[in-house]
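*Asks:* Mind looking over this structure? Questions follow.
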């Protein structure tokens, strides 16, 4: 036993794990994830989700070696999160209202919805709404949920097969939660009553 | 007269667990009332959302909050509800309390901590007081915690080692991260004495508790293996197994009713459905963590206790303690290392387990001679990836970052360097500006007044913190760290809280007697960290456990 208190065998075991993460990422995993991608559900092609998905795509674009918002299933994650029974309804209302405000602004300015804008127009309009407190809060909330979709446990619908963890060479902890132990199932009955 | 139970314990954390176990094992009937749910090891996963980003182990702040009173820029004390500020002062409301979520970093106090006033003299503006017991009085129970709770470690010859009655810890140390030996080397080159940090974590299985599985996700997380020595896994499960201890989760005690003679007769509580229930017992033991214990005493008025239980001398809630000091960190860039070294630094799982107590006492002319110092502990950056990523959400001009720049920052943050942290623990001097009271306007979801906490600190605490920080930075420099940054402040760490119900010999200046029984209520004891007149310069949990076992033995003798 060395001063570090960890045996060589255990240490090599950890090296192997880290090594394999680094070696097989990014292109191969990303390519296989994209080829396995499920056809997108109907709700995703309708507002408010359509616009939300486009905003997320702008905030987290895909590249050859970088998973984008659709690779991390950011929209699915957001939908699961704001529609679960333990989440305050206020958040969902705010997210949806924001979509309305955004599209009103783009209609006014470009005579089309956000989804139809080019990349520079998208950047300009999002930076413009960042100037207002409500716009800033809305973007900040979407960004928070995006980062959660990237790095929360896959059981919540984002980060499929740990794609976000692999991209950032992040080693998750074990055991990971099964579906029946997700956070909203563990929250107390008292909590449920208030939310009902 | 017959009672529902011999003993009613309110709160199921490190203060309540030892009492429930000791008395149930001794043949007495015990009920434990816990405000939160009864989660088991099988409910705990390495889920950052559950542990740290949603209200699962602690209440929603809109349901239950505190009012935190701080100085504004004009020098006035101004209160703000935590439901407004988002500054959460809950630490774990479920069976086992916050001990479920500790990282189990355990130190004993030192003999001098029991007599801070006589050892170092008074400090203007601070209410320093000696304890009514000595280190020797508590030592047998510190030792008992090592086996009852399970503490792993390795005794080393050290100039500041506290006396112990056994040769070494009952469990060998946890596996150590490779960076630990680098820390030790740097410290020794600086003439310092690195200490292996003891942990309340099993390194061998014991009953249904398995040995640590080294997931690398310990602090803030509930333990899935049972290795962590929280009160639930280590004590309460055993208490329940005696058949004489009943735990009632979702039981929020809002008052202790007392009779015409001043004795406590019932604990009244709201159950999960919000219905009022009550339980009677011969002895009541309060252990709700310092802030809530003072709140409950102040809320419990009665014919003999117009200002609240145990509050005849108006001392309840006074001299609340946090832990002073601060923290710092430095980066170790993988690009400056060989591949093998970089892989070593990336190891996740084992504990860093290195501390320094070379400045537990400081003798320096620039600080006016010999004063009380503190402890320095090293750790890696917390592995939570979402909270880490969130640090990249805003740029220096307070604008949101998205798109390629965000992705580049994340990639760099996660893959280019390791990040070593240190934490400094110093005494939080007791003052008239740090206390608990009932708020006059804010109420929780049960319509009972919430605790108002004034969080003033003493300037002396910062002086000590800065002194130790200067030395901590040298250790990181010696190790070759880049981008070293640190922060010493008077902002209270809400997870390190004690005081509010001092024990002492003088009923005019303390709430509890030396056995932690209320001076003015014969059948009421307090066994969480509230009893501490001064806090020492280490985390409180081992001392709370030890004292609760000591008091449990006193209660057993009295029954």
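The values are calculated or read from the model by the stated rules, or taken from the named source; none is laboratory data. On a predicted model such as this, the values are computed, not experimentally measured, just so you know. All Cβ positions, glycine included, derive from the backbone under ideal geometry; neighbour counts span all protein chains shown.
*Asks:* List pairs: first in segment A:47-67 and buried (at least 20 other Cβ atoms within 10 Å of the Cβ), second not in a helix (DSSP H, G or I), Cβ under 6 Å, 6+ apart or cross-chain?
*Replies:* Pairs that qualify, where the first residue is buried (at least 20 other Cβ atoms within 10 Å of the Cβ) and the partner is not in a helix (DSSP H, G or I), are A:56/A:69; A:59/B:402; A:60/A:68; A:60/A:69.
*Asks:* I'm trying to understand the selection: among the residues of segment B:514-559, which are surrounded by fewer than 24 Cβ atoms within 10 Å (Cβ to Cβ), free of Cβ contacts under 8 Å to residues at least 40 places away in the same chain and assigned to a loop (DSSP other than H, G, I, E, B)?
*Replies:* B:515
*Asks:* For segment B:155-189, name all the residues that are away from chain A (no Cβ under 11 Å), crowded, with 21+ Cβ neighbours inside 10 Å and assigned to a helix (DSSP H, G or I).
*Replies:* B:187
*Asks:* If you scan segment B:37-55, which residues turn out to be within 15 Å of residue A:173 (Cβ to Cβ) and more than 7 Å from every other protein chain (Cβ to nearest Cβ)?
*Replies:* B:41, B:44, B:51, B:52, B:53
*Asks:* I'm told residue B:367 meets every condition in (1) surrounded by fewer than 19 Cβ atoms within 10 Å (Cβ to Cβ); (2) modelled with pLDDT of 95 or more except one. Can you identify the failing condition by its number?
*Replies:* Going through the list (1) surrounded by fewer than 19 Cβ atoms within 10 Å (Cβ to Cβ); (2) modelled with pLDDT of 95 or more, residue B:367 breaks only (2).
*Asks:* Hey, could you check segment B:385-412 for residues that are in contact (Cβ under 8 Å) with a residue 24 or more places away in the chain and more than 8 Å from chain A (Cβ to nearest Cβ) and say which is nearest to the chain's Cα centre (by Cα)?
*Replies:* Per the criteria, the residue is B:387.
*Asks:* Mind counting the residues in segment B:220-242 that are surrounded by fewer than 22 Cβ atoms within 10 Å (Cβ to Cβ) and either free of Cβ contacts under 8 Å to residues at least 12 places away in the same chain or not in a loop (DSSP other than H, G, I, E, B) (or both)?
*Replies:* Total satisfying the criteria: 3.
*Asks:* What number goes with the only condition from (1) at pLDDT 95 or above; (2) under 19 Å from residue A:184 (Cβ atoms); (3) buried (at least 22 other Cβ atoms within 10 Å of the Cβ) that residue B:67 does not pass?
*Replies:* Answer for residue B:67: the failing condition is (2).
*Asks:* Check residue B:392 against each of (1) modelled with pLDDT of 95 or more; (2) in contact with a strand residue (DSSP E or B) (Cβ under 8 Å, 6 or more places away or on another chain) and name the one condition it does not meet.
*Replies:* Just one mismatch for residue B:392, condition (2).
*Asks:* Please go through segment A:156-181 and pick out each residue that is without any contact (Cβ under 8 Å) to a residue 60 or more places away in the chain and either assigned to a loop (DSSP other than H, G, I, E, B) or within 8 Å of chain B (Cβ to nearest Cβ) (or both).
*Replies:* The answer is A:165, A:168, A:170, A:172, A:173, A:174, A:175, A:176, A:177, A:178, A:181.
*Asks:* Is segment A:26-39 home to any residue that is in contact with a helix residue (DSSP H, G or I) (Cβ under 7 Å, 6 or more places away or on another chain), within 13 Å of chain B (Cβ to nearest Cβ), at pLDDT below 95 and crowded, with 19+ Cβ neighbours inside 10 Å?
*Replies:* There is no residue in segment A:26-39 that is in contact with a helix residue (DSSP H, G or I) (Cβ under 7 Å, 6 or more places away or on another chain), within 13 Å of chain B (Cβ to nearest Cβ), at pLDDT below 95 and crowded, with 19+ Cβ neighbours inside 10 Å.
*Asks:* Being part of a strand (DSSP E or B), within 14 Å of chain A (Cβ to nearest Cβ), under 30 Å from residue B:364 (Cα atoms) and at pLDDT 95 or above is the requirement here; does residue B:378 meet it?
*Replies:* yes
*Asks:* Can you say whether residue B:471 is within 14 Å of chain A (Cβ to nearest Cβ) and outside any strand (DSSP E or B), as far as the supplied structure shows?
*Replies:* no
*Asks:* Given the conditions (1) surrounded by fewer than 19 Cβ atoms within 10 Å (Cβ to Cβ); (2) without any contact (Cβ under 8 Å) to a residue 40 or more places away in the chain; (3) within 18 Å of the chain's Cα centre (by Cα), which single one is not true for residue A:137?
*Replies:* Tallying (1) surrounded by fewer than 19 Cβ atoms within 10 Å (Cβ to Cβ); (2) without any contact (Cβ under 8 Å) to a residue 40 or more places away in the chain; (3) within 18 Å of the chain's Cα centre (by Cα), residue A:137 fails exactly one: (2).
*Asks:* Has segment A:105-126 got any residue that is within 9 Å of another protein chain (Cβ to nearest Cβ) and closer than 29 Å to residue A:45 by Cα?
*Replies:* The answer is yes, given that some residue of segment A:105-126 is within 9 Å of another protein chain (Cβ to nearest Cβ) and closer than 29 Å to residue A:45 by Cα.
*Asks:* While we're looking at this one, here's another question. Please count how many residues of segment A:57-104 are at pLDDT 95 or above, within 13 Å of chain B (Cβ to nearest Cβ) and part of a loop (DSSP other than H, G, I, E, B).
*Replies:* 8
*Asks:* Report, ordered by the first and then the second residue, all pairs with beta carbons closer than 6 Å, sequence separation of six or more or different chains, a first member in segment B:200-219 that is free of Cβ contacts under 8 Å to residues at least 24 places away in the same chain and away from every other protein chain (no Cβ under 12 Å), and a second member that is surrounded by fewer than 17 Cβ atoms within 10 Å (Cβ to Cβ) and not in a loop (DSSP other than H, G, I, E, B).
*Replies:* none
*Asks:* Go through segment B:100-143 and report how many residues are within 17 Å of the chain's Cα centre (by Cα) and assigned to a loop (DSSP other than H, G, I, E, B).
*Replies:* Of the residues in that region, 8 qualify.
*Asks:* Oh, and also: Before we move on, is residue B:463 over 21 Å from residue B:321 (Cα atoms) and in a helix (DSSP H, G or I)?
*Replies:* no
*Asks:* Moving to a separate point now. Kindly establish whether residue B:83 is within 14 Å of chain A (Cβ to nearest Cβ) and in contact with a strand residue (DSSP E or B) (Cβ under 6 Å, 6 or more places away or on another chain).
*Replies:* Spelling it out, it is not the case that residue B:83 is within 14 Å of chain A (Cβ to nearest Cβ) and in contact with a strand residue (DSSP E or B) (Cβ under 6 Å, 6 or more places away or on another chain).
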